Structure formats: C-alpha cells, structure tokens
Amino acid sequence: MSASKKPMPLQISKDFEIPSIPLVLIKIIQTLNENSGSAKELEDLILHDPALSARILRLANSAFYSFHTRVKTISHAIALLGLNLVTSLAIGINIFDTFTSGAKSEGALINKLWIHSCGVGVLAKEIWIQRGNRGKEGEFAFLCGLLHDVGKIVLFKTYPEHYGSIFAIEKSEEDPCISSYEDEYYGSNHAAIGEILAKNWGFPSELAYVIRRHHDPSATEMPLLRAIMMADLLAKELKIGYDGDHSLNEDRGKIQSRLEFTDEEYAHMTDYAARERKNIERFFKISS
Ligand SMILES: [Fe+2]
Ligand SMILES: [Fe+2]
C-alpha cells in the first residue's frame, strides 16, 4: 500500500454511540429470542413496513428460490420460505436499510459489503447443513453469516468518509487487515463494536458471540463459529462481494486445519459457491 493512500489520522472517542433500533426490528428480534414467533405475528410486523414487504416479495419471486407460482402475499412468502428464513431476511434487510439510508459516495462500498454478508450467510448455511444441521439451525447459521460484519455498518454510519477511505484501501498480503486499521484509528474494531450493538439490540447471545469472535484465531471451540469463519474466508477468497480485506493475511491451509475444515468440504463449498455466485449477487440486487 502506498503511503498516499493512507487516510489522515483521526481522533475518535472510544465511546461509540450505538444507533437506535427501529421498533419493527425490536419486535422481530424478540420473536427470535423467545422462539415464540408465529407466522401471523411476523406477517403483521412486515406489513407495517411497506418497503420491507416489497423486498421480501421480490426476493420470494427471485430466481434464488425458483418457485413455480407467483408469490403475491407475505403470508404466502412465509409459507414457502419458512418463518425463520423470512425472519432473518427481515432483520438483515432492515439493518442495512436503516444504516445506509443517506449514504452517498460510500454507498457503493456498502453495497459490496452487503453482497459479502449475503454470501457469508448463504455459504455458512450450506456448511452447516452439510454438517448435519437442518431446518432452524441452518437458518440461524444464515443469520449469523449475514450479520457477522454488522460492526462495519456502524462504522460506515458514524464516520462515512473516513471509514470509506479505510475500507477502500487496496490491501496487499503484507498490509494489515481492516481490523488493525480500525483499532489504530478508532481504538476499537468492527467485531467488538458489533458485539456492543448485538447486546444493546437484544440479539440472541450466540449471535453476539459469533459477531465478537469471528476474527479471533483462538476461538475454535464453537462449531457454528468455525463454520462462519470458514464461510467468511471462502467469500473473501472467491471474491463474493468485498468486506474491506483483499487477502486472507494467513495461509489458507493453516486456517482450514484450525477450523477443522476438510479438503472434501472445501472442494464441495468451492463448487457450491461457483454455482450460487450469480444467485447471491442477484439476491443482493433484489433485497437492496
Ligand atoms: Fe469481519
Ligand atoms: Fe466478513
């Protein structure tokens, strides 16, 4: 990286102001936490937000799900896609929406982050399903993947231009990763900020934990976290979207063995990602 590309140092207070959460999101997260959400409840919440309703319908009608009938109502979308998937989508879309409204020059970068996040969600779910976890479990892996970098959204919102310049730096193998830049300039990083947000907003504790530790090389004890870390690595390596890091900063083989990810799984996932890449990119266009 050339010195000229480095952003000017910025004096930033460590006390981040956690943005307030939209009411509809509080209610949707509550249903997730209490495991009590009914399809009717979710439908009512989504219908209160016309933009969200329109996106869910467009998504349900997209090639990603290739249903044969046209999905015309939210209740039909919930019946076809499932309560958990629609809940996850509603949360992801709502967060990216809330934080990116009004974004100007950095809008294109946030779009790339959204593709990356959708990619990690889709890949994490596939890894998790391949490992024998189905239904609700798979959808939760999707949600964890979708939100693992949510701290970056807070940084974009708080310091749009400055964070945009850090995010956009063409980083080589030798350059520090984006978390190091964040630590240097803001005294904190997106994993720690994401956890604060997750706790403040009442996310399930497992999700908050995944967000906090998804870059921690010593955090290998939790199988779901390992799956998210592997999905993150695959999305970076296969350049599905962009999350502020161009390289892995570590040998892939080493990461793979640390995350207990076999060569067979790796081969399956690269094939899967190649097949699904277009759908993931389309998914982003439909839901943004
Ligand atoms: Fe990250
Ligand atoms: Fe990421």
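The values are calculated or read from the model by the stated rules, or taken from the named source; none is laboratory data. Note that the structure is a prediction, hence the values are computed from the model and not measured. Counting neighbours? That spans all protein chains shown, and the Cβs are built from the backbone with ideal geometry, glycine included. With ligands, DNA and RNA removed, areas are computed over all heavy atoms of the protein, side chains included. Shrake-Rupley method; radii C 1.70, N 1.55, O 1.52, S 1.80 Å.
For the chain, set up a Gaussian network in which alpha carbons nearer than 10 Å are linked by springs, and say which option among A227, A79, A60 fluctuates the most.
A79
Please report the accessible area of K236 (heavy atoms, 1.4 Å probe, ligands and nucleic acids excluded) in Å², nearest 10.
30
Over region 166-288, what is the relative contact order in percent, taking alpha-carbon pairs closer than 8 angstrom and at least six residues apart?
For region 166-288, the relative contact order is 25 percent.
Relative to the longest principal Cα axis of the chain, at what angle does helix 107-130 sit, 0 to 90 degrees, rounded to 10?
Approximately 70 degrees, to the nearest ten.
Which of the aspartates and glutamates could a cross-linker bridge to K199, judged by Cα under 19 Å and excluding same-chain residues fewer than eight apart?
D15, E17, E34, D149, D216
Decide, for region 143-274, between rounded, prolate and oblate: order the square roots of the alpha carbon gyration tensor eigenvalues as a ≥ b ≥ c, take rounded if a/c falls under 1.5, and otherwise choose prolate if a/b is larger than b/c, else oblate.
In terms of gyration-tensor shape, oblate.
Would you mind classifying region 193-242 by shape? Square roots of the alpha carbon gyration tensor eigenvalues, ordered a ≥ b ≥ c; an a/c under 1.5 is rounded, otherwise it is prolate if a/b is larger than b/c and oblate if not.
Note, shape of region 193-242 comes out oblate.
Between L80 and T262, take the C-beta separation as r, use R0 = 45 Å, and let me know the FRET efficiency to the nearest 0.05.
Working from the Cβ atoms, E equals 0.85.
Using alpha-carbon pairs under 8 Å, 6+ residues apart, how would you state the relative contact order of the chain in percent?
25
If a paramagnetic tag sat 7 Å from the Cα of N200 along the Cα-Cβ line, which residues of region 134-164 would have the backbone N under 20 Å from that point?
Label zone hits: 147-164.
Please report Rg over Rh for the chain, where both radii come from the alpha carbon positions and Rh follows the Kirkwood definition.
Value, to two decimals: 0.95.
With all protein chains present and a 1.4 Å probe, how do D245, D216 order by accessible area, largest first?
Ranked list, largest accessible area first: D216, D245.
With a ≥ b ≥ c taken as the square roots of the eigenvalues of the C-alpha gyration tensor of region 99-216, please select rounded if a/c is under 1.5 and otherwise prolate if a/b is larger than b/c or oblate if it is not?
prolate
Can you give the FRET efficiency for K72 and T270, using 1/(1 + (r/R0)^6), R0 = 45 Å, r = Cβ-Cβ distance, to the nearest 0.05?
Given R0 = 45 Å and the Cβ-Cβ separation, E is 0.75.
Angle, helix 263-287 long axis vs. longest principal axis of the chain, Cα atoms, 0 to 90°, nearest 10?
Rounded to the nearest ten degrees, it is 70.
How do H148, H48, H68 rank by accessible surface area computed with a 1.4 Å probe, from largest to smallest?
Ranking H148, H48, H68 by accessible area, largest first, yields H68, H48, H148.
With point charges of +1 on the Cβ of Lys and Arg and -1 on the Cβ of Asp and Glu, referenced to the Cα centre of region 184-265, which listed residue (L224, G244, A191) lies farthest in the positive direction of the dipole?
A191
Compute the long axis of helix 23-34 from its Cα atoms, compare it with the longest principal axis of the Cα atoms of the chain, and write down the angle in degrees, 0 to 90, nearest 10.
It works out to around 80 degrees.
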